[in-house]
1. So which of Ile133, Ile63, Ile105 is in a loop (DSSP other than H, G, I, E, B), out of contact with any Leu (no Cβ under 7 Å at 6 or more places or on another chain) and of a type in the set (Val, Ile, Thr)?
2. What pairs come up if the first residue lies in the stretch 102-131 and is closer than 21 Å to Lys87 by Cα, the second is part of a helix (DSSP H, G or I) and of a type in the set (Phe, Trp, Tyr), and their beta carbons are under 6 Å apart, counting only those six or more places apart or on different chains?
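The values are calculated or read from the model by the stated rules, or taken from the named source; none is laboratory data. This one's a predicted model, so the numbers in the text were calculated from it and none came from an experiment. Backbone-built Cβ (ideal geometry, glycine too); neighbour counts: all protein chains shown.
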Amino acid sequence: MQQVLAKYIPKAAVEGICILIQEWRVQLKIVNERKTRHGDYKMRGGYHIITVNANLNPYRFLITLVHELAHLVAFEKYGHHIKPHGKEWKHSFTSLMLPLLHPSIFPSDLLPVLARHFKNPTASSDTDTLLHIALKKYDEASNKSYIFEIPYGSYFKFRDHKIFRKEKKRIKRYECIEIKTGRVYVFQPHAQVELVKEN
């Protein structure tokens, strides 16, 4: 298990994570990218099963794995009647992550962002704009931009290859029009898009 994990998470975190996986008898599955989630936790046939996307950078992979471990720990400790991302999960996630917030594991630029995030962790690191952007710096280079970076009036593709035009900013999010249908969609500022030329 240590050799496998060393390919996906920072080496200084491997031993501690292996101990948690063994302690909770987790079946860890590393899977192909899923667009809608980075990882998940399920109880099936008496086994704890955690899946994590293989394409994540080491820091996002580690956070995702601990996020899913926190579901397991919270359900085991407080019962299955709790909310999936309620106070019990938040407490479990923070407790598991705090020992990992160390310069031997995370780069110095990520540590203050993570410290802020874990004062009240969200259901997804993607909904925390500052954390998402900080983690994105460690992804492989791509031709995508954040929607907040591109000029108004720009045309772009998003995930399913529909083409949109950036129109205006609401309080935090951006209103965009899908060109084919004229429907209005609202995007988070850190949504990643691919610029295209106007037809």
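1. On the way: Ile133 fails: in a loop (DSSP other than H, G, I, E, B); Ile63 fails: in a loop (DSSP other than H, G, I, E, B).
Being in a loop (DSSP other than H, G, I, E, B), out of contact with any Leu (no Cβ under 7 Å at 6 or more places or on another chain) and of a type in the set (Val, Ile, Thr) holds for just one of Ile133, Ile63, Ile105, which is Ile105.
2. Pro121/Phe93
Residues are listed down the side, and each one gets a yes or a no for (1) in contact with a Pro (Cβ under 7 Å, 6 or more places away or on another chain); (2) of a type outside the set (Phe, Trp, Tyr); (3) modelled with pLDDT under 95:
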position	(1), (2), (3)
Val4	no, yes, yes
Lys11	no, yes, no
Ile30	no, yes, no
Gly45	no, yes, yes
Leu62	yes, yes, no
Ser95	no, yes, no
Ser108	no, yes, no
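Here's the yes/no breakdown for (1) surrounded by fewer than 14 Cβ atoms within 10 Å (Cβ to Cβ); (2) over 18 Å from Gly16 (Cα atoms); (3) of a type outside the set (S, T, N, Q):
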{"site": "Phe61", "(1), (2), (3)": "no, no, yes"}
{"site": "Leu65", "(1), (2), (3)": "no, no, yes"}
{"site": "Ala70", "(1), (2), (3)": "no, no, yes"}
{"site": "Ala74", "(1), (2), (3)": "no, yes, yes"}
{"site": "Lys77", "(1), (2), (3)": "yes, yes, yes"}
{"site": "Leu110", "(1), (2), (3)": "no, yes, yes"}
